[in-house]
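Here's the structure, in structure tokens; my notes come after.
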Amino acid sequence: QDHPRPPARVGQTALRAKSVIAVGSGKGGVGKSTVAASIALTLRRLGSKVGLMDADVYGPSIPHLLGLQGRPGISESKRIDPILLDDDPNLFPMPVMSMGFLVDPSEAVIWRGPMLHGSINQFLGMTDWGELDYLLIDMPPGTGDVALTLSQAIPLAGSVVVCTPQEVALLDAVKAAAMFRKVNIPILGMVENMSGFLCPDCGKTYDIFGKGGARAKAEELDLPYLGGLPIDMKLRVAGDEGRLSSLLNQDDAARAPLDAITQAI
Ligand code: ADP
């Protein structure tokens, strides 16, 4: 679980995180942001100092999932003050940075390569992250641009590929894995999200999108399989209402698969 690396240096500033972990997917809508935020929250609950950077500039959903809003300020030392998730006095206040804090969510943002590159580097290097054990990065789906920018900016401990069990999603996950490999970001493993639906009424599990596809694909690609996260309506509702953190703090059943995934990382 510990991936010690020298402190990452971005330009003149040092991002003081022991391990930087990117969470990516081949396509959108597979639950990448939910998984990224949940892994960050789980690591935090286990006692680590964790930051979360939303690099999904096309659809920044992290602020919404965590119920965070506000505009990051600029500190005296000209650094960007991240927004803090400070919802529990027993937990480390989690610094979060997202394009969602800077642009109107309803605005369409068109990013050209150099702008994207610049904003990712600024988020990494100019944000006052403080001293962290882990920085989790929620990647935009698919595109290789951000992976390339990240790989050039900092040494990453690794990446996690999120997919659903459907064949099309798995093919996209193969592309995501190839993208990480191409830019020399080690892949820590694959997570199967929406891996069956446990009916709260009858207790039966329905494999809506099939099941086990990610495990088989991981084997085929010679990657670790980190675990599956079932379709959980409580998770969806908590995400929509910005209560992901309190759900995972309070609900053992919702937390169990995430604990297993996080421990496998
Ligand atoms: P992505 O980042 O891949 O676009 P999101 O994390 O934004 O996907 O998730 C898309 C939608 O699916 C959200 O409404 C989220 O609440 C829901 N969702 C994701 N994972 C699950 C899950 N395991 N159970 C129920 N709903 C989920």
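Quick note: the coordinates plus some simple rules give every number you see, no bench work behind them. Since this is a predicted model, take the numbers as computed values, not measurements. Please note: Cβ atoms are built from the backbone with ideal geometry, for glycine as well, and neighbour counts cover all protein chains shown.
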Grab the alpha carbons of segment 57-143, take their convex hull, and tell me the volume per residue in Å³. 118 Å³
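Quantify how much of the Cα-Cα distance distribution of segment 104-210 extends past 18 Å, in percent.
Details: 3433 of 5671 pairs.
Here the long-distance tail beyond 18 Å is 61 percent of all Cα pairs in segment 104-210.
If you take the C-alpha gyration tensor of the chain, multiply each eigenvalue by 5 and take the square root, what semi-axes do you get, largest first, in whole Å?
Details: eigenvalues 151, 90, 60 Å².
Taking √(5λ) for each eigenvalue gives 28, 21, 17 Å, largest first.
Sum up the charges of everything whose Cβ sits under 12 Å from the Cβ of residue 172, counting Lys and Arg as +1 and Asp and Glu as -1, but leave residue 172 out. Spell out each step's value before the answer.
On the way: positive: 27, 32, 175, 217; negative: 167.
Result for the local shell: +3.
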Direction-averaged shadow area of the convex hull around the Cα atoms of segment 63-105, nm²? 3.5 nm²
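Taking the Cα centre of the chain as origin, sum charge times position over the Cβ atoms of Lys and Arg (+1) and Asp and Glu (-1), and report the length of that vector in debye to the nearest 20. Walk me through the numbers before you get to the answer.
Values: 24 positive and 29 negative charges, 126 e Å.
The dipole of the chain has a size of about 600 debye.
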Report ³J(HN,Hα) in whole Hz for each residue of segment 71-82, in order, from the Karplus equation J = 6.51 cos²θ - 1.76 cosθ + 1.60 where θ = phi - 60°; Gly and Pro get x. 10, x, x, 10, 7, 4, 7, 6, 9, 8, 7, x
Return the equivalent ellipsoid semi-axes of segment 153-212 as a descending list in whole Å, where each equals the square root of 5 times an eigenvalue of the C-alpha gyration tensor. 30, 13, 6
Between their Cα atoms, which of 182/234; 18/78; 49/217; 211/234; 175/204; 49/78 are more than 28 Å away from each other? 182/234; 49/217; 175/204
